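Below is one structure; the comments refer to it alone.
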Amino acid sequence: MPTERSLPFPEGFLWGSAVSAHQTEGANDNSDWWEHESAPGTNANAASGIACDSLHRFAEDWKLAAGSGQNAVRFSIEWARIEPAPGEFSIEAFDHYREVIGTARDLGLTTSVTLHHFTNPRWFAARGGWSSSESAEAFSRYAPAAGDALGDLLQIVNTINEPSVVAIVGHLMGYFPPRITEVETTHTVTVNLLRAHAAARDQIRATSGATVGLPLSVSDFVPADGSAEARRARDYMHHWWVSVWVDALRTGRVSGLEVPEETIGGLAGGDDFVGIQYYSCFPVGAGAEGGANARLPASATQMRDVPVSAYRSDRRTQVGWTWYPEGLGNVIDEVSAAGLPIQVTENGIATADDAERIEFTTLHLEQLHAAIARGRDVRGYFHWSLLDNFEWNEGYRPTFGLVAVDRATMERVPKPSLAWYGAVARANAVRRSADVP
Ligand code: FCB
């Protein structure tokens, strides 16, 4: 029997949606991803091209977000535009981003600005990218320059989006540029990213009143079957993807891998928040479908009992990920070990069926509500994504947006989920899934 009861969120909760520069701006031709998309033998299914042309249409995008009822927006600024050559900063690019941030703020949106969302300037990649011993230093020229130029406008800053994806997908799985498959390099990159993060955090703080955090990609990993081998493989995956980062934020140490422990100066306990980007659970082990996860060598760390049967393998998104809303609660519990306030900086679904998007999001918001109710300090939720956009190697086929983009005309076409999500934001409450007809 439906009831009118809805689930309220804490006062001041941030309700936003997210995009990133390369995925929406277009013509990001000075970046390593642009190069990757057109390289001979590339594994990218499409080139980003003009993306959503948000370079010119950002004001329209922010108006759609604000007009729907959302009170925040997350987007990135593009390092490859800002520092087109080493040590040369573009005043024009900074002026542009002042307008991008200022327009969002004028519309009443709290801005959450990411300094690095997967893409690097070509010159940085050519010098060895994140595996170079000079990478953190290079980022430590960019971050303070951004702080100097934009600091008075910055409110929330995410330093490096999903550093585990940069490290693992780019340097262990070889799926993203630079397409390396080396355990040791992955560890080097992990350490360099954390060094760059810690320095950037302090540099941004020195020039702004912004709160600064690191948005982590955290999936809920489960063993593919009941075997000891699947459990070991799962724990290994979980360690690389989740524990390394959460432990490093807490202790300042990168440890537990098959390489010597490293300490990152100034990292421990210094962030203002930690971001959680949650989409799905992934079965791990020899029996897992899909391969890449299962192929990693297994090395035992600690065990955790996971109810394998709980994940919803019956429902999959356009990118093959399973629905597992309970996983959001699980990862919030795990990441709480970092001892920092949490923002859900990404969560969403690739689907052509917008009613499904509303159902998926309702189920995840219920889990988020439950996590807050059991005492977890979660301060905001950013839906991925505001717009249908360039989904990296998958190109334009997956549609994550609350708003469709006509690829021929660039016209923005709001989906019913935009108004639905805006109403959640205005009410600061979500109707329980059991009450949704
Ligand atoms: C995350 C990325 C984001 C988007 C979503 C679907 O890993 O941060 O850019 O591609 O996945």
Restricting to the stretch 157-195, count the residues that are under 19 Å from Ile276 (Cα atoms) and touching a residue at least 12 places away in the same chain (Cβ under 8 Å). 15
Those residues of the stretch 210-232 which are outside any loop (DSSP other than H, G, I, E, B), open to solvent by 10 Å² or more (accessible area, probe 1.4 Å) and not β-branched (Val, Ile, Thr) amount to Ser217, Ala228, Glu229, Arg231, Arg232
Exactly one of Thr103, Thr119 is closer than 26 Å to Asn347 by Cα and in contact with a strand residue (DSSP E or B) (Cβ under 7 Å, 6 or more places away or on another chain), and that one is Thr119
Contacts under 7 angstrom Cβ, first residue in the stretch 379-395 being of a type in the set (Gly, Ala, Ser), partner away from the ligand (no atom under 12 Å from the Cβ) and not in a strand (DSSP E or B), 6 or more apart: Gly380/Phe13; Gly395/Asn45; Gly395/Ala46
Go through the stretch 374-398 residue by residue and tally those that are in contact with a helix residue (DSSP H, G or I) (Cβ under 9 Å, 6 or more places away or on another chain) and under 20 Å from Gln70 (Cα atoms). 7
Collect the residues in the stretch 264-279 that are surrounded by fewer than 21 Cβ atoms within 10 Å (Cβ to Cβ) and either on the phi > 0 side of the Ramachandran plot or hydroxyl-bearing (Ser, Thr, Tyr) (or both), keeping them in residue-number order. Gly266, Gly269
Quick check, is Asn389 assigned to a loop (DSSP other than H, G, I, E, B) and under 29 Å from Pro178 (Cβ atoms)? yes
Is one or more of the residues making up the stretch 420-428 assigned to a helix (DSSP H, G or I), within 16 Å of the ligand (Cβ to nearest atom) and surrounded by fewer than 24 Cβ atoms within 10 Å (Cβ to Cβ)? no
Considering (1) assigned to a loop (DSSP other than H, G, I, E, B); (2) away from the ligand (no atom under 16 Å from the Cβ); (3) crowded, with 17+ Cβ neighbours inside 10 Å, say which one Ala408 fails and leave the rest. (3)
Out of (1) surrounded by 24 or more Cβ atoms within 10 Å (Cβ to Cβ); (2) of a type in the set (Ser, Thr, Tyr); (3) modelled with pLDDT under 90, what's the single condition that is false for Thr190? (3)
Among the numbered conditions (1) under 23 Å from Val157 (Cβ atoms); (2) open to solvent by less than 30 Å² (accessible area, probe 1.4 Å); (3) more than 16 Å from the ligand (Cβ to nearest atom); (4) not basic (Lys, Arg), tell me where Thr207 comes up short. (2)
Could you check the stretch 210-224 and list, in sequence order, the residues that are over 16 Å from Phe139 (Cβ atoms), away from the ligand (no atom under 16 Å from the Cβ) and modelled with pLDDT of 95 or more? Ala210, Thr211
Taking the stretch 135-162 and keeping residues basic (Lys, Arg) and within 16 Å of the ligand (Cβ to nearest atom) leaves none
Quickly run through the stretch 92-129 and pick out the residues that are within 16 Å of the ligand (Cβ to nearest atom) and not β-branched (Val, Ile, Thr). Ser112, Leu115, His116, His117, Phe118, Asn120
Reported set for the stretch 313-347 where residues are more than 16 Å from the ligand (Cβ to nearest atom), touching a strand residue (DSSP E or B) at 6+ places or on another chain (Cβ under 7 Å) and part of a strand (DSSP E or B) is Ser313, Arg315, Ile342
Checked pairs for the stretch 396-419, first without any contact (Cβ under 8 Å) to a residue 12 or more places away in the chain, second away from the ligand (no atom under 15 Å from the Cβ), C-beta under 6 Å and 6 or more apart or across chains, list as Val413/Ala404
Restricting to the stretch 348-378, name every residue that is without any contact (Cβ under 8 Å) to a residue 24 or more places away in the chain and not in a helix (DSSP H, G or I). Asp353, Arg374, Gly375
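The values are calculated or read from the model by the stated rules, or taken from the named source; none is laboratory data. Keep in mind that this is a model prediction, so the values were computed, not measured. Quick reminder, even Gly has a Cβ in these numbers, built from the backbone with ideal geometry, and neighbours come from all protein chains shown. The area values use the complete protein model at the heavy-atom level, side chains included, leaving out ligands, DNA and RNA. Shrake-Rupley method; radii C 1.70, N 1.55, O 1.52, S 1.80 Å.
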